[in-house]
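Here is the structure we will look at.
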Amino acid sequence: MPQAIATAAEGTRDGAGSAAPESATGAAGAAQAQGSDFAPLLRAVKGQGLLERRTGWYAVGITANLVALGAVITGMFLLGNTWWTLLLALPLAIFWSRTAFVGHDAGHAQITGERRTGRAIGLVHANLLLGMNEAWWNDKHVRHHANPNHIDKDPDVGVGALVWTQKQAAQREGFARWLTRNQARLFFPMLLLEGIALKISGFQYLRQQPARERALSALLLVAHLGLYVTLLLTVLSPGKAIVFALVHHALFGLHLGMAFAPNHKGMEMPDPDGERWGHLQRQVLTSRNVRGGILTDWFLGGLNYQIEHHLFPSMPRPHLRLAQPMVRAHCEALGMPYAETGLIESYRQALQHMHDVGEPLR
């Protein structure tokens with residue numbers, strides 16, 4: 001499964017369309033379902049060279065991020081055992097998020113077409129630098145891309161701490177029912193736990209991995225923990241180290257959550273019992289773009305072009321902005337809604353959806 005996204009991305013590059021095949025038959029069906037709606041757009045995008053990889057761009061970005069991480073760690077040593085060192089938890093969380101974005105792009109084969117190299121980049125950035133199991137992330141993420149916002153197939157809208165439909169909400173009991181009633185106001189506070197939750201989920205997923213793959217993933221995850229604890233205890237006293245780790249992971253989880261929250265929450269959710277949507281409809285109607293400039297692109301890791309990313313998951317990040325006018329014009333020509341809003345408004349819409357889901361329980 002670690003290469004599933006890469007394989008799916010290659011399929012999209014060749015015109016298969018789906019972010020990931022559910023089966024051989026499903027992939028063929030999806031290719032037929034997209035018909036003439038997606039094919040002209042795909043030809044236009046390929047004709048502009050926007051599916052060609054930008055390895056040099058990524059090399060510069062990865063190097064800059066590693067240098068930034070090294071600078072923050074150097075700053076921690078220079079400040080030493082003082083509460084002022086906690087101020088560096090913020091830039092460390094920000095550059096950890098940049099690291100996560102690189103791992104995301106590597107999983108989509110955006111950086112390189114060589115699978116071993118792509119996986120190596122993913123393992124280093126996710127498992128070693130973040131302590132997040134890239135195999136777990138890829139397994140979850142490929143299913144999301146195949147059927148975004150589908151309550152039976154997309155793990156991102158499955159029942160968990162939060163729920164996404166009133167039908168899911170109606171089945172909640174006890175503390176979970178109270179949580180659902182208040183999930184809109186609790187969403188951002190709960191993101192403070194996401195950094196730790198990612199680590200826990202990654203270790204739990206080890207049991208599902210093949211033995212050889214599990215050994216490598218576990219080795220890198222344990223190495224990350226060892227290096228992280230060693231760094232903190234070398235620089236800080238145990239008490240300050242614990243506080244730093246908690247603040248750092250809280251900010252990291254919050255940043256990642258703020259990058260992912262605008263993408264699909266509050267958008268269309270396909271009817272599991274209804275007609276199966278084609279690739280263009282499935283990816284466009286369930287996704288929301290966020291307007292902004294270079295700063296927004298940097299802060300959200302290119303995920304603000306969610307529609308383009310879902311249509312062309314292997315498209316390199318710097319090409320998403322270039323593809324946007326073509327995709328928007330194509331949707332307008334078809335009379336298909338193309339959702340784009342500001343960052344704050346995207347959060348408002350997502351929170352409003354969560355509030356509406358919990359309304360019957362209040």
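The values are calculated or read from the model by the stated rules, or taken from the named source; none is laboratory data. Please read these numbers as outputs of a predicted model, since none were measured by experiment. Positions of Cβ are generated from backbone atoms using ideal geometry, with glycine treated the same way; all protein chains shown enter the neighbour counts. Calculation scope for accessible area: heavy atoms of the full protein, side chains included, ligands and nucleic acids excluded. Shrake-Rupley method; radii C 1.70, N 1.55, O 1.52, S 1.80 Å.
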* To do: Measure off 7 Å from each Cα along the Cα-to-Cβ vector at residue 167 and residue 83, then give the distance between these two points in nanometres to one decimal.
  => 5.2 nm
* To do: Measure nothing fancy, just the Cα-based angle from helix 4-13's long axis to the longest principal axis of the chain, in degrees from 0 to 90, nearest 10.
  => 40 degrees
* **the range 245-302, relative contact order [Cα under 8 Å, separation at least 6], %** => 43 percent
* Nearest-ten-degree value, helix 343-358 long axis tilted from longest Cα axis of the chain -> 80 degrees
* Asked: Accessible area of residue 196, 1.4 Å probe, to the nearest 10 Å²?
  -> 70 Å²
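How would the range 246-303 be classified by its alpha-carbon gyration tensor: rounded, prolate or oblate, with rounded meaning a/c under 1.5 and the a/b versus b/c comparison settling the rest? Don't jump to the answer; show the numbers that get you there.
On the way: a/c = 4.01, a/b = 1.86, b/c = 2.16.
It comes out oblate by the Cα gyration axes.
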* Asked: With a ≥ b ≥ c the root eigenvalues of the C-alpha gyration tensor of the range 54-178, is it rounded (a/c under 1.5), prolate (a/b larger than b/c) or oblate?
  -> oblate
* Asked: Which distance in nm do the two modelled labels at residue 213 and residue 333 give, with both placed 7 Å along the Cα-to-Cβ direction?
  -> 4.0 nm
* To do: Give me the distance between the Cα centres of the range 130-197 and the range 213-255, rounded to whole Å.
  => 24 Å
* Estimated FRET transfer efficiency (residue 114, residue 242; beta-carbon r; R0 56 Å; 0.05) -> 0.85
* In square angstrom, rounded to the nearest 10, how much accessible surface does residue 167 have for a 1.4 Å probe? -> 150 Å²
* Asked: So what is the accessible area of the chain per residue, in Å², with the probe set to 1.4 Å?
  -> 44 Å²
* How large is log10 I(q)/I(0) at q = 0.16, 0.17, 0.20, 0.21 Å⁻¹ when the Debye formula is applied to the Cα atoms of the range 216-362, each weighted equally and without solvent? -> -0.95, -1.01, -1.17, -1.23
* To do: Along each of the three principal axes of the Cα atoms of the chain, give the extent in whole Å, ordering the values from largest to smallest.
  => 62, 53, 44
* Pairwise FRET efficiency - residue 296 versus residue 222, Cβ, R0 = 41 Å, nearest 0.05 -> 0.65
* Asked: Can you give the accessible area of residue 66, probe radius 1.4 Å, in Å² rounded to 10?
  -> 80 Å²
* Using only helices, what value at 222 nm comes out for the chain when you add -39,500 (n - 2.57) per DSSP H run of length 4 or more and divide by the total residues, to the nearest 500 deg cm²/dmol? -> -20500 deg cm²/dmol
* With Cβ to Cβ distances under 15 Å as the rule, what net charge do the other residues near residue 348 carry (K, R +1; D, E -1)? -> +1
* Structure fact -> Toy charge model, Lys and Arg Cβ at +1, Asp and Glu Cβ at -1: the range 152-242 dipole around Cα centroid in debye, rounded to 20, equals 180 debye
* To do: Calculate the spin-label point distance for residue 178 paired with residue 74, positioning each point 7 Å from the Cα along the beta-carbon direction, and give it in nanometres.
  => 5.0 nm
* **Degrees between helix 55-79 axis and first principal axis of the chain (Cα, 0 to 90, nearest 10)** => 30 degrees
* Asked: Shape of the range 195-281 from its Cα gyration tensor (a ≥ b ≥ c, root eigenvalues): rounded if a/c is under 1.5, otherwise prolate when a/b > b/c, or oblate?
  -> oblate
* From the backbone phi of the range 157-167, what are the Karplus-calculated ³J(HN,Hα) couplings (6.51 cos²θ - 1.76 cosθ + 1.60, θ = phi - 60°) in whole Hz, Gly and Pro given as x? -> 10, x, 6, x, 4, 10, 10, 10, 9, 5, 5
* Asked: Taking amide H positions as placed 1.01 Å from N in the peptide plane, with prolines and chain starts having none, which residues 5 or more places from residue 341, or on another chain, fall under 5 Å of its amide H?
  -> 289, 290, 291
